[in-house]
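Notes follow the structure.
Any read-out appearing in this document is the output of simple, stated calculations on the displayed coordinates, not a laboratory observation. Fair warning: this is a prediction, and the values are worked out from it, not measured in the lab. Note that each Cβ is placed from the backbone with ideal geometry, even for glycine, and that neighbours are counted across all protein chains shown.
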Amino acid sequence: MNQKSLLTRAGYDQLTQQLKDLKEKQEHLITQIEDVAQPDESGEDGLASQLKEELELTNNQIEQIEETLESSEIISDKTSFDSIQVGCKVKIKVSASTKEFYIVNQLESDPTVNKISDQSPLGKALIGKKINDEIEVEAPVGRIVYKIVSIT
């Protein structure tokens, strides 16, 4: 990763914990592989193959999180913003309803709790905009116009 990843403090802490958990899983998998591997066996047993595949996936996840943490910058918890950026809570109006989203890094995104990625179509459209700006986003149902009500 060449560019800095902007993370909230909560997102950084979550990734740090996830990395710790994955390293524990990695150690457990290595122990399991050693236990099932038979040095005198000519062929590889199915369980050992499955464990090795899982270890490879775990190693890849560890590498990705380590790269992200090494190249990340923790954004400060500001109380007000001039324009939308990672770490903002944004209230937008669409038709007659109002929705609130928290703009976060893609690794922190969780639409079930209104945390949207700065790389999502809506997130990309919101970044850099100000209160009262209107944006158009292409959605499966067609173009949707949003008006920015507040930024906190």
Practice prompt. With +1 on each Lys and Arg Cβ and -1 on each Asp and Glu Cβ, and nothing else charged, work out how big the dipole of the chain is about its Cα centre, in Debye to the nearest 20.
Written response: 1740 debye
Worksheet item: Dipole magnitude of region 89-151 about its Cα centre, charges +1 at Lys/Arg Cβ and -1 at Asp/Glu Cβ only, in debye to the nearest 20?
Response: 220 debye
Discussion item. Bin width 10 Å, origin at 0, all Cα-Cα pairs of region 89-151: what percent of pairs per bin?
Written reply: 23, 59, 18, 0
Worksheet, complete the sentence: For K129, counting only aspartates and glutamates whose alpha-carbon sits under 12 Å away and dropping same-chain residues fewer than eight positions off, the answer is D82
Response to the item:
Looking only at lysines whose Cα falls under 27 Å of K23's and that sit 8 or more positions away or on another chain, we get K4, K52, K115
Fill in: Tilt relative to the chain, helix 46-70 - C-alpha long axis, 0 to 90 degrees, to 10
40 degrees
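What does the helix-only formula give at 222 nm for the chain: each DSSP H stretch with n ≥ 4 adding -39500 (n - 2.57), the total divided by the residues, and the result rounded to the nearest 500 deg cm²/dmol?
Helices in the chain give a 222 nm mean residue ellipticity of -13500 deg cm²/dmol.
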Worksheet item: Considering only L57, I33, L7, whose Cα is most displaced toward the positive end of the charge dipole of region 5-74, charges sitting on Cβ of Lys, Arg (+1) and Asp, Glu (-1)?
Response: L7
Worksheet item: Between Rg and the Kirkwood Rh of the chain, both from Cα atoms, what is the Rg to Rh ratio?
Response: 1.18
Worksheet item: Applying the Karplus parametrisation 6.51 cos²θ - 1.76 cosθ + 1.60 with θ = phi - 60° to the phi angles of region 5-14, what ³J(HN,Hα) value in whole Hz is obtained for each residue in order, glycine and proline being reported as x?
Response: 8, 8, 10, 6, 4, 4, x, 5, 4, 5
Response to the item:
Amide H proximity to K115 below 5 Å, modelled H, separation 5+ or other chain, gives Y102, D110
Discussion item. Cross-link candidates for K93: which aspartates and glutamates have Cα within less than 15 Å, leaving aside residues fewer than 8 places away along the same chain?
Written reply: D133, E134, E136
